[in-house]
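Since the structure comes first, as structure tokens, the remarks are kept for the end.
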Protein chains: 2
Amino acid sequence: MNILEKITNELDTLSKSERKVAEVILSSPSTVIHSSIAALAKQAKISEPTVNRFCRRLDTKGYPDFKLHLAQSLANGTPYVNRHVDENDTADEYTSKIFESTMASLELARKSLNSNDINRSVDVLTQANKISFFGLGASAIVAHDAQNKFFRFNVPVVYFDDILMQRMSAINSRQGDVVVVISHTGRTKSLVEVASLAKENDATVIGITTTGTPLAKECSIVLSVDVSEDTDLYMPMSSRIAQLALIDVLATGFTLRRGSKFRDNLKKVKDSLRSSRFERKD
Amino acid sequence: MNILEKITNELDTLSKSERKVAEVILSSPSTVIHSSIAALAKQAKISEPTVNRFCRRLDTKGYPDFKLHLAQSLANGTPYVNRHVDENDTADEYTSKIFESTMASLELARKSLNSNDINRSVDVLTQANKISFFGLGASAIVAHDAQNKFFRFNVPVVYFDDILMQRMSAINSRQGDVVVVISHTGRTKSLVEVASLAKENDATVIGITTTGTPLAKECSIVLSVDVSEDTDLYMPMSSRIAQLALIDVLATGFTLRRGSKFRDNLKKVKDSLRSSRFERKD
DNA sequence: AGAAAAAATGAAATTTTATTTCATAATTTT
DNA sequence: AAAATTATGAAATAAAATTTCATTTTTTCT
């Protein structure tokens, strides 16, 4: 844990003099890491042993060790955090906030993913007779993207962003088929039903959704993508990006499982697009 | 600069004994931050003053100060970098690599964006009579996503991922229309043509592409989204994610420009979806 | 190659910094 | 209000880092 947070937390377990030390440190931690124990004691108007005791109370070995912890906390700079866009933000500000929040979400999502489930998903995907990706709204584009990727693998793949098509497709699915259902909320009724229908028809259902949602309960494998809420502007933002990163992971797992010869084919697919592009001069 | 990198850089300006110190530090920096100068000297089999001189040569005030720098470098953790997926990676490894590369790309993309251009883009978007988003392949999903977002704003918006439709739409465009053309490579012939057609017909053309591409040259406003190459598996990965983040930025700018009353409407749009979802228990 | 100069190195001394000890002061409990 | 507990700092001690300086090693220049 960050030592600065720790100081704040334990502020009330400290004695009066120790609190003075804490206050000096909190008010200007970057100065403190360059101060000797004597200098800090003087600034806080207490004695050196008090500083020492203060350090020990925070589970450090002594003053130099404490400074080390402090230095590390300061170094952590701005780890990406969700920063909310504010009414009066300049373009620069909201751009930074959005990019940083997105990065923070990716970090969170990565933690919520379980490599075991990814492995199992890659297993079933590589062995599938047919792969279908279903999503609605913002998740539709994720399904769309997945189709675009898996299509390059030369496997039977479809995507639907239409409730009825999804339903028909789910009903017609069979053993050996894999249905990937994508929904951030995991509460979209029609998608939950589609998942359940596909499962009844013996398809393997992979859910890309948040942990513990109704959709998660209907799936054979759940790939949990937990991100902080997309509350800023009432529209999905980070969630779909984290889902796309997961699609990349699945696609990568797929190609790795298929071996190097398969990857040569991918290169051919890419090269086939060349004639549609303007040449690069460099 | 990271002190570990600095040590590596200056390795050949160091004397023989100092290099021994450097090697011990590089091989196990986390041990060193808990060692005294004597302990380190002993481990490197040199004298204490040598350690001290080593520290000074790296522009630190002395050994304790050096340790502080070292601690900070260690705390910085792994700044996100592009790490390439390897044939023998485990699921955990390639998942981490993909997420981290994505984050690294977002960081890069954010730097390549110019807030002035964003501001101008938001300007023209808020004043547009009609907005069209065009993309092909992986960029098609970005266009698709943009439509999804801007549709909520209750403005006339279309998206096309079909060459002919894009062409027809471009030809029919007029003053006051905004055409957003999305292409990572910026070299897709048909898209460059579409951009040029739209421009000839007096539409404002916003290009979401890499700096200095043929597409960029045809646009009224270029939003440069530079990411490191998506070379890993011959398919677009980070590029489309960075583009999506940019769409979020534009959508956010749009709503901020429109004011708070407009945002209440967005909430209504979101709430309208509620009945299609299973209730949340919490 | 060999002498002179320069640079590098470490032992010992010194200085700085941190910690411990212990007496006293402040606070809490009874 | 006395006793017990806890907090505090002065002084002593210990530890760590730095400086000084003599010695060794390396480099440069005949």
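The values are calculated or read from the model by the stated rules, or taken from the named source; none is laboratory data. What you are looking at is a predicted structure, and each value in this text was computed from that prediction instead of being measured. Cβ sites come from the backbone with ideal geometry, for glycine too, and all protein chains shown count toward neighbours. These area figures cover heavy atoms from the full protein model, side chains too; ligands, DNA and RNA do not enter into them. Shrake-Rupley method; radii C 1.70, N 1.55, O 1.52, S 1.80 Å.
Of the conditions (1) open to solvent by 30 Å² or more (accessible area, probe 1.4 Å); (2) in a helix (DSSP H, G or I), B:Asn88 satisfies every one except a single condition; which number is it?
(2)
Which one of the conditions (1) closer than 15 Å to B:Ile182 by Cα; (2) in contact with a Gly (Cβ under 6 Å, 6 or more places away or on another chain); (3) more than 9 Å from chain A (Cβ to nearest Cβ) does B:Val142 fail to meet, given that it meets all the rest?
Evaluating B:Val142 over (1) closer than 15 Å to B:Ile182 by Cα; (2) in contact with a Gly (Cβ under 6 Å, 6 or more places away or on another chain); (3) more than 9 Å from chain A (Cβ to nearest Cβ) leaves (3) as the failure.
In this structure, is B:Asn154 in a loop (DSSP other than H, G, I, E, B), within 23 Å of B:Asn265 (Cβ to Cβ) and open to solvent by 40 Å² or more (accessible area, probe 1.4 Å)?
Numbers: in a loop (DSSP other than H, G, I, E, B): yes; within 23 Å of B:Asn265 (Cβ to Cβ): yes; open to solvent by 40 Å² or more (accessible area, probe 1.4 Å): yes.
Yes: the conditions hold for B:Asn154.
Among what's in the stretch B:124-148 and is part of a helix (DSSP H, G or I), in contact (Cβ under 8 Å) with a residue 12 or more places away in the chain and open to solvent by 30 Å² or more (accessible area, probe 1.4 Å), pick the residue that is nearest to B:Ser228 (Cα to Cα). Lay out the reasoning, then the answer.
So in the stretch B:124-148, the residues part of a helix (DSSP H, G or I) come out as B:124-127, B:138-148.
Applying the additional criterion that residues be in contact (Cβ under 8 Å) with a residue 12 or more places away in the chain yields B:124-127, B:138-147.
From what's left, open to solvent by 30 Å² or more (accessible area, probe 1.4 Å): B:124, B:127, B:147.
Working: B:Val124: 29, B:Gln127: 33, B:Gln147: 26 Å.
The extreme case among them is B:Gln147.
Criterion first (touching a residue at least 60 places away in the same chain (Cβ under 8 Å) and more than 9 Å from DNA strand D (Cβ to nearest atom)) does A:Asn2 satisfy it? Give the derivation first.
Values: touching a residue at least 60 places away in the same chain (Cβ under 8 Å): yes; more than 9 Å from DNA strand D (Cβ to nearest atom): yes.
Answer is yes for this residue.
Could you please tell me which pairs satisfy a Cβ distance under 7 Å, a separation of 6+ or placement on different chains, a first residue in the stretch A:48-74 that is acidic (Asp, Glu), and a second residue that is open to solvent by 20 Å² or more (accessible area, probe 1.4 Å) and within 12 Å of DNA strand C (Cβ to nearest atom)?
A:Glu48/A:Ile37; A:Glu48/A:Ala38
Would it be correct to say that B:Thr50 is more than 11 Å from every other protein chain (Cβ to nearest Cβ) and either within 16 Å of DNA strand D (Cβ to nearest atom) or hydrophobic (A, V, I, L, M, F, W, C) (or both)? Working first, answer last.
Details: more than 11 Å from every other protein chain (Cβ to nearest Cβ): yes; either within 16 Å of DNA strand D (Cβ to nearest atom) or hydrophobic (A, V, I, L, M, F, W, C) (or both): yes.
Criteria met by B:Thr50.
Here is a yes/no grid of residues against (1) open to solvent by less than 50 Å² (accessible area, probe 1.4 Å); (2) more than 14 Å from DNA strand C (Cβ to nearest atom):
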site	(1), (2)
B:Lys6	yes, yes
B:Leu11	yes, no
B:Ser15	no, no
B:Arg19	no, no
B:Val32	yes, yes
B:Lys42	no, no
B:Ile46	yes, no
B:Thr50	yes, no
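Of A:Gln72, A:Gln127, which residue is of a type outside the set (A, V, I, L, M, F, W, C) and facing chain B (nearest Cβ under 7 Å)?
Going through A:Gln72, A:Gln127 in turn, the sole match is A:Gln72.
Could you list all residues from the stretch A:171-203 that are within 19 Å of B:Arg277 (Cβ to Cβ) and either more than 10 Å from chain B (Cβ to nearest Cβ) or in a loop (DSSP other than H, G, I, E, B) (or both)?
A:Val181, A:Ile182, A:Ser183, A:His184, A:Thr185, A:Gly186, A:Arg187, A:Glu193, A:Val194, A:Ala195, A:Ser196, A:Leu197
I need the full set of residues from the stretch A:173-195 which are closer than 15 Å to A:Ala128 by Cβ and either surrounded by fewer than 19 Cβ atoms within 10 Å (Cβ to Cβ) or not assigned by TED's automatic domain parsing to the domain that holds A:Gly135 (or both), in order please. Write out each step before concluding.
Of the residues in the stretch A:173-195, the ones closer than 15 Å to A:Ala128 by Cβ are A:173-181.
If the condition is that a residue be closer than 15 Å to A:Ala128 by Cβ and either surrounded by fewer than 19 Cβ atoms within 10 Å (Cβ to Cβ) or not assigned by TED's automatic domain parsing to the domain that holds A:Gly135 (or both), then A:Arg174, A:Gln175, A:Gly176 are the ones that fit.
Name the residues in the stretch A:53-69 that are more than 10 Å from chain B (Cβ to nearest Cβ), out of contact with any Phe, Trp or Tyr (no Cβ under 6 Å at 6 or more places or on another chain) and within 7 Å of DNA strand C (Cβ to nearest atom), would you? Talk me through it step by step, then tell me what you get.
Residues of the stretch A:53-69 more than 10 Å from chain B (Cβ to nearest Cβ): A:53-60, A:62-63, A:66.
Now drop any that are not out of contact with any Phe, Trp or Tyr (no Cβ under 6 Å at 6 or more places or on another chain), which leaves A:53-54, A:56-59, A:62-63, A:66.
A:Gly62, A:Tyr63, listed by residue number.
Mind checking which pairs have a first residue in the stretch A:149-167 that is among the charged types (D, E, K, R) and a second that is assigned to a strand (DSSP E or B), Cβ under 7 Å, 6 or more apart or different chains?
A:Asp161/A:Gly135
Could you list all residues from the stretch B:16-42 that are within 11 Å of DNA strand D (Cβ to nearest atom), without any contact (Cβ under 8 Å) to a residue 24 or more places away in the chain and of a type in the set (Ser, Thr, Tyr)?
Within the stretch B:16-42, B:Ser35, B:Ser36 qualify.
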